[in-house]
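Enquirer: My questions all concern the structure below.
The values are calculated or read from the model by the stated rules, or taken from the named source; none is laboratory data. Note that the structure is predicted; figures quoted are calculated from it, not measured. FYI the Cβ positions are ideal-geometry reconstructions off the backbone, even for glycines, and counts take in every protein chain you see.
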Amino acid sequence: MKQILAAVLLAVSLLTSGETVPQKDYYDSGITVRLLENGTILELTLHDYLIDVVLQEMPASFSLEALKAQAVAARTYTMRRIYFGSAHGDADVCGDSTCCQCYLDEAEGRTVYGDGYAEARDKVRQAVEETDGMVLVYGEELIEAAYFSSTGGSTEAAAAVWGGDVPYLQPVSSPEEIRLTEQTVTPEQFRAALPEANLSGEPVSWFGGVTYTEGGAVESMTIGGEVYTGAALRSRFALKSTRFTTAVTADGIVFVVTGAGHGVGMSQYGADAMAEAGSSFRQILEHYYTGAEVRQLY
Ligand SMILES: [Zn+2]
């Protein structure tokens, strides 16, 4: 692992010390990100890319310390792909949120933030610049800095969601307000979504046992004699997370879902709640990424 960080440090020093690199105010400005967008590879500085990513990934109205935590997570995510390869050939990252990280360019930013765009961008730029060059490491390894929108009570272990244990992606408490969404599915829609299940008789008779992850999400649920993982049900019914309950009502099957996203790593709403309560971006990151630490990489 030590040689991995050493390789990054060497690559960064080459990038930032060469004569061809213009003098910049920030180390992030000396690093190029190759971004795949609509089949074309755009080149931009890490500094500019991170501002656009943080603007899209987290509301600029969040506390500055939460935005700084997001900036460090996004920088770490990006640096891993720049130096250790990505799934996109010559590009480091793509602009698809379900694959890599989404970002907000100026035109989209003006649509989302309207007249507040310049102010929002300034605040996010401050978060990126105040954490210039900082990444998350576990031992000597740049971490896979997963993050998601919100949860209720606890995050999830990477092993519970993706399989494969990751020491710094473990379930931890998330001190945020609980956000619930309710989704009602008619019995006909329910049968169509789970065609292999035996869904005869009254809906109330369809549901069998439920198991939960250590973090408290649905691990598996037996429905109509079939066992589904929480992730499979999240996908079949487009639920916001795997943390849900079901109830049968006169209208159909009601899912009550807590939070949004895969639940692994940093909760963005949790980060904001911690920041509001006085935590620094370091404290936020070191809370959500068990055993990881913030390091000035360059
Ligand atoms: Zn991608």
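Enquirer: In the range 45-84, what count of residues is obtained for those that are within 22 Å of Val112 (Cα to Cα) and outside any helix (DSSP H, G or I)?
Expert: Residues that pass the stated criteria total 6.
Enquirer: Taking the criterion of being in a helix (DSSP H, G or I), aromatic (Phe, Trp, Tyr) and touching a residue at least 24 places away in the same chain (Cβ under 8 Å), would at least one residue in the range 261-269 satisfy it?
Expert: Within the range 261-269, one or more residues are in a helix (DSSP H, G or I), aromatic (Phe, Trp, Tyr) and touching a residue at least 24 places away in the same chain (Cβ under 8 Å).
Enquirer: For the subset of the range 25-58 comprising residues that are under 20 Å from Gly85 (Cβ atoms) and among the acidic types (Asp, Glu), which member is surrounded by the fewest Cβ atoms within 10 Å (Cβ to Cβ)?
Expert: Top of the filtered list is Glu43.
Enquirer: Continuing with this model, one more query. Could you tell me whether Asp48 is within 16 Å of the ligand (Cβ to nearest atom) and charged (D, E, K, R)? Quick ask: steps written out before the conclusion?
Expert: Values: within 16 Å of the ligand (Cβ to nearest atom): no; charged (D, E, K, R): yes.
Here the answer is no, as Asp48 does not meet what is asked.
Enquirer: Related question: Can you find even one residue in the range 135-145 that is more than 16 Å from the ligand (Cβ to nearest atom), within 16 Å of the chain's Cα centre (by Cα) and assigned to a helix (DSSP H, G or I)?
Expert: So far as the range 135-145 goes, no, none of its residues is more than 16 Å from the ligand (Cβ to nearest atom), within 16 Å of the chain's Cα centre (by Cα) and assigned to a helix (DSSP H, G or I).
Enquirer: Follow-up. Mind listing whichever residues of the range 96-114 are more than 16 Å from the ligand (Cβ to nearest atom) and of a type in the set (S, T, N, Q)?
Expert: Across the range 96-114, the qualifying residue is only Thr111.
Enquirer: Consider Val254 carefully, then state whether it is crowded, with 21+ Cβ neighbours inside 10 Å and not aromatic (Phe, Trp, Tyr).
Expert: It is false that Val254 is crowded, with 21+ Cβ neighbours inside 10 Å and not aromatic (Phe, Trp, Tyr).
Enquirer: Just checking, does the range 85-105 include any residue being in a helix (DSSP H, G or I) and either in contact (Cβ under 8 Å) with a residue 40 or more places away in the chain or of a type outside the set (Phe, Trp, Tyr) (or both)? Can you show your working first?
Expert: Going residue by residue through the range 85-105, those that are in a helix (DSSP H, G or I) are none.
No, there is no match, as no residue in the range 85-105 is in a helix (DSSP H, G or I) and either in contact (Cβ under 8 Å) with a residue 40 or more places away in the chain or of a type outside the set (Phe, Trp, Tyr) (or both).
Yes/no per residue for (1) modelled with pLDDT under 95; (2) surrounded by 16 or more Cβ atoms within 10 Å (Cβ to Cβ):
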{"residue": "Phe244", "(1), (2)": "no, yes"}
{"residue": "His262", "(1), (2)": "yes, yes"}
{"residue": "Ser267", "(1), (2)": "no, yes"}
{"residue": "Glu276", "(1), (2)": "no, no"}
{"residue": "Ser279", "(1), (2)": "no, yes"}
{"residue": "Thr290", "(1), (2)": "no, yes"}
{"residue": "Leu297", "(1), (2)": "yes, yes"}
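Enquirer: While we're looking at this one, here's another question. Identify, by number, the condition in (1) away from the ligand (no atom under 16 Å from the Cβ); (2) of a type in the set (Phe, Trp, Tyr); (3) under 17 Å from Ile31 (Cβ atoms) that Tyr117 doesn't meet.
Expert: That leaves (3) as the condition not met.
Enquirer: Can you tell me which residue within the range 62-98, out of those that are within 13 Å of Leu35 (Cβ to Cβ) and among the β-branched types (Val, Ile, Thr), is nearest to the chain's Cα centre (by Cα)?
Expert: Restricting to residues being within 13 Å of Leu35 (Cβ to Cβ) and among the β-branched types (Val, Ile, Thr), the top hit is Thr78.
Enquirer: Something else: Identify the residue in the range 118-173 that is of a type in the set (A, V, I, L, M) and free of Cβ contacts under 8 Å to residues at least 60 places away in the same chain and, among all such residues, is surrounded by the fewest Cβ atoms within 10 Å (Cβ to Cβ).
Expert: Ala118
Enquirer: Here's a follow-up. Take Leu233 and tell me if it is in a loop (DSSP other than H, G, I, E, B), of a type in the set (A, V, I, L, M) and buried (at least 17 other Cβ atoms within 10 Å of the Cβ).
Expert: No.
Enquirer: Please verify whether the range 68-77 includes one or more residues that are in the same structural domain as Gln126 (by TED's automatic domain parsing), surrounded by fewer than 20 Cβ atoms within 10 Å (Cβ to Cβ) and away from the ligand (no atom under 13 Å from the Cβ).
Expert: Within the range 68-77 (the criterion being in the same structural domain as Gln126 (by TED's automatic domain parsing), surrounded by fewer than 20 Cβ atoms within 10 Å (Cβ to Cβ) and away from the ligand (no atom under 13 Å from the Cβ)), the answer is no, since none of the residues qualifies.
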